[in-house]
Amino acid sequence: AQVGLPGPAASFATYGDLLGVAATSAGSAWAVGYVGNSATLILRWNGTAWKRVPSPSPVAAQLSGVAATSASSAWAVGFIFNRTGYKTLIVRWNGTSWKRVPSPNPGPQPELSSVAATSARNAWAVGGNLILRWNGKTWRRVPSPSPAGSVLSGVAATSARSAWAVGSAGGKTLILRWNGTVWKRVPSPSPGASRGLSGVAATSARSAWAVGFIATKTASKTLILRWNGKTWRQVPSPTPGPIAGLAGVAATSARNAWAVGGGFPKTVILRWNGTAWK
């Protein structure tokens with residue numbers, strides 16, 4: 001982020017970062033993040049152009065993830081940081097405006113990184129060692145089996161009975177599964193010296209992807225895991241350049257998925273064609 005003059009009044013151009021994106025159709029999408037170090041940022045795609053939309057913005061706040069189920073229903077999550085410490089931040093799009101919704105703040109530094117929703121009555125938000133669930137009326141904390149010191153970075157859901165949360169714990173990959181009653185930790189491959197998962201996507205109870213990185217003392221490689229309905233297995237993935245890692249993944253079917261991330265000297269975009277990642 002840089003400091004400078006604002007763009008033209010008709011433009012949403014500003015100095016900040018976008019951290020999450022969600023779309024429900026070719027004519028409706030959202031992107032969220034923050035401006036500078038103190039304000040939330042939400043942009044909307046109307047089928048023709050991106051425009052900035054007013055968003056609730058407590059002092060020193062940012063949004064990290066967004067999920068939408070229709071043009072009139074969406075969630076964005078993040079955190080607030082001020083002199084009193086961290087607090088969770090959740091805002092909701094009701095079809096007309098974004099409004100802040102009360103959210104639990106357990107622990108010393110509660111913050112949210114990712115959100116997933118399947119309906120107006122079912123949504124999940126994760127961050128740090130925290131899992132929250134929307135039951136149609138309120139956000140409530142749900143017990144997490146992840147060990148102390150773990151970090152949850154991504155969440156995906158296909159129904160009220162099936163959801164995934166991914167992250168890292170003690171330098172190893174961490175994957176949790178919601179079976180409709182409780183969250184349980186699921187065994188996951190952890191190749192390399194240091195590894196972590198940043199994003200997850202699911203198209204059904206039998207098909208899901210998780211992406212992240214493998215780090216050594218001298219390099220960093222992409223990491224992609226696949227759920228086949230029974231186990232998580234590592235899938236070969238390209239690593240362009242000496243340093244690369246994946247931050248997000250999206251899938252529309254068992255034959256089509258995208259994974260994105262960063263590296264040196266270029267950004268990384270990978271595509272699953274049903275057979276291999278390229």
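One residue stands out among those in segment 179-214 that are of a type in the set (Phe, Trp, Tyr) and over 22 Å from ALA22 (Cα atoms): the one that is modelled with the highest pLDDT, which is TRP183. The residues listed here are THR96, THR69; of these, the one that is open to solvent by 30 Å² or more (accessible area, probe 1.4 Å), out of contact with any strand residue (DSSP E or B) (no Cβ under 8 Å at 6 or more places or on another chain) and either at positive phi or modelled with pLDDT of 95 or more (or both) is THR96. Given the condition surrounded by fewer than 16 Cβ atoms within 10 Å (Cβ to Cβ) and of a type in the set (Lys, Arg), answer yes or no: does some residue in segment 177-184 qualify? Yes, segment 177-184 contains a residue that is surrounded by fewer than 16 Cβ atoms within 10 Å (Cβ to Cβ) and of a type in the set (Lys, Arg). Answer yes or no: is there a residue in segment 38-47 that is open to solvent by less than 70 Å² (accessible area, probe 1.4 Å), hydroxyl-bearing (Ser, Thr, Tyr) and under 19 Å from LEU152 (Cβ atoms). No, segment 38-47 has no match at all.
Regarding VAL59, is this residue surrounded by fewer than 15 Cβ atoms within 10 Å (Cβ to Cβ) and either out of contact with any helix residue (DSSP H, G or I) (no Cβ under 9 Å at 6 or more places or on another chain) or not hydrophobic (A, V, I, L, M, F, W, C) (or both)? So VAL59 fits the description; yes. The set of residues from segment 258-278 being of a type outside the set (Lys, Arg), part of a strand (DSSP E or B) and without any contact (Cβ under 8 Å) to a residue 40 or more places away in the chain comprises TRP258, VAL260, GLY262, PHE264, ILE269. A search for C-beta distances below 6 Å between a residue of segment 101-129 that is basic (Lys, Arg) and any residue that is open to solvent by 10 Å² or more (accessible area, probe 1.4 Å) and modelled with pLDDT of 95 or more, counting only pairs 6+ apart in sequence or on different chains, returns ARG121/GLY136. Criterion applied to ALA76, ALA49, ALA60 was being free of Cβ contacts under 8 Å to residues at least 60 places away in the same chain and within 15 Å of the chain's Cα centre (by Cα), and the one residue passing it is ALA76.
The set of residues in segment 143-167 that are assigned to a strand (DSSP E or B) and more than 14 Å from the chain's Cα centre (by Cα) comprises THR158, SER159, SER162. In segment 108-142, the qualifying residues are those that are closer than 23 Å to GLY199 by Cβ and assigned to a loop (DSSP other than H, G, I, E, B), and the one that is most open to solvent (accessible area, probe 1.4 Å) is GLN109. From the set of residues in segment 227-257 that are open to solvent by 70 Å² or more (accessible area, probe 1.4 Å) and in a strand (DSSP E or B), which is farthest from VAL200 (Cα to Cα)? In this case the residue turns out to be ILE243.
The values are calculated or read from the model by the stated rules, or taken from the named source; none is laboratory data. Keep in mind that what you see is a predicted model, and the values were worked out from it rather than measured. Reconstructed Cβ throughout: ideal geometry from the backbone, glycine too, with neighbour counts over all protein chains shown. With ligands, DNA and RNA removed, areas are computed over all heavy atoms of the protein, side chains included. Shrake-Rupley method; radii C 1.70, N 1.55, O 1.52, S 1.80 Å.
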